[in-house]
Amino acid sequence: MADSDNERYHEWSPAEYMKYSNFRTQAAQGLIRRLADQFGEDYLPNVNTVIELGSGPGNSTAELARSCPNARIICVDRSDNMLVAAMEANLGPNVEFVQGDLEHYILEAGADLIFSTNALHWLRKDTRIEILQRMFKSLCPGGVLAVHMPDNVRQPAHDEMRATARITFMEWSDDFHDRELRFFREKLDVDPVGEAFIYHLALKKLEDAPIMSFQHWIDFPQYRFASTRDIVDWMKGAELRPYLDEISNDNIREAYLSEYESRLKAHYPTNTLLSTQKSFVAVREM
Ligand SMILES: C[S@@+](CC[C@H](N)C(=O)[O-])C[C@H]1O[C@@H](n2cnc3c(N)ncnc32)[C@H](O)[C@@H]1O
């Protein structure tokens, strides 16, 4: 895969993503609430250093900045557009930004809290585990790793996105089929998040960073949209993005979206999209 392709697939539209920021930010709000419930109301205000992995346009960072007013918050993301949007959100002097791929990111010093919402499911399975192990080892003793990942790759809205791309003899078919193997193998987060015990086992293995406790849970939020087109727009803000990038022009892109939308109508007659979300909190031994 050429580097230029690689870069192209890493870009986002913060405006499209934030169109449904109320739904998207629920993950960070929920994870923060969980930390307060688990460690007490004094925990977050006393945290010194937070690393946010895949911080995006600043929506989840704003929640962290509000909850951890005394912390230095370091946001790591590889997308130019997302980082610019986050910087423009003026989240305060305690928030810093690092552009980089999590695959190669090394913390310069230990952190008290490593936090991530709506991001690590974009990584391939082995890379995701390797990053989580590296991050867990970088925590200060007693530090906390708190991670949320949507796990929706087998939901109809995702299946239909792939199925629509695979239809033959449509205007968009050549855009996908010539390079189908490369596209479907390399570009997308087709690896499901998997069960929580996978993450527990991966952290338990780390002899130089013993695990003290591990909690996990699964949520099934239901997002209600005004129309099927709004569900399409929701998907355009995230998972549909690499598919639309693959299509060669706007007219063809619109034809693909229109076919995708008509397929969604059969699955979501009430315009309600169900999402499976997996989260865990792991604490490093003191
Ligand atoms: C959907 S946004 C999440 C935004 C925010 N954290 C939230 O909860 O809504 C996912 C972010 O993860 C970033 N990301 C995905 N894979 C990454 C990687 N390998 N390295 C760095 N950032 C990555 C993307 O650039 C994007 O900004």
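What follows draws every value from the coordinates through simple rules; no lab data is involved. Keep in mind that what you see is a predicted model, and the values were worked out from it rather than measured. All Cβ positions, glycine included, derive from the backbone under ideal geometry; neighbour counts span all protein chains shown.
Each residue of segment 230-242 was assigned a 3J(HN,Hα) from its phi angle through the Karplus expression (A = 6.51, B = -1.76, C = 1.60, θ = phi - 60°), giving 5, 5, 4, 5, 4, 5, 4, x, 9, 5, 6, 3, x Hz with x at Gly and Pro. In this calculation the C-beta distance from Tyr20 to Glu254 is compared with R0 = 25 Å, giving a FRET efficiency of 0.75.
With the simple spin-label model, which puts each label point 7 Å out from Cα in the Cβ direction, the Asp174 to Ile218 separation comes to 4.4 nm.
Cross-link partners of Lys125 among aspartates and glutamates, defined as those whose alpha carbon lies under 16 angstrom from its own and excluding same-chain residues fewer than eight positions apart: Asp101, Glu103, Asp151, Glu186, Asp189, Asp191, Glu195. If R0 equals 30 Å, the separation of the Cβ atoms of Thr127 and Glu88 corresponds to a calculated FRET efficiency of about 0.55.
Per the Debye calculation on the chain with a single equal scatterer at every Cα and no solvent contribution, log₁₀ I(q)/I(0) for q = 0.10, 0.16 Å⁻¹ amounts to -0.54, -1.32. From helices alone, the chain scores -12500 deg cm²/dmol at 222 nm; the rule is -39500 (n - 2.57) for each run of n ≥ 4 DSSP H residues, then divide by the residue total. Straight-line reach from Lys204: taking Cα to Cα under 16 Å and skipping same-chain neighbours fewer than 8 places apart, the lysines in range are Lys137. Within straight-line reach of Lys265, meaning a Cα separation under 20 Å, sit the following lysines at least 8 residues removed in sequence or on another chain: Lys236. By the count of other C-beta atoms within 10 Å, a proxy for reagent exposure, Cys140, Cys75 are ordered fewest to most as Cys140, Cys75. Calculate the tail of P(r) for segment 9-114: the fraction of all Cα-Cα distances greater than 21 Å, expressed in %. Result: 34 percent of Cα pairs exceed 21 Å. Full extension of the chain between Arg154 and Asn271 gives 40.3 nm of extra length, using 0.36 nm per residue less the Cα-Cα distance. Put simply, the amide H of Gly143, placed in the peptide plane, has neighbours under 5 Å in Arg284, leaving out anything fewer than 5 places away on its chain.
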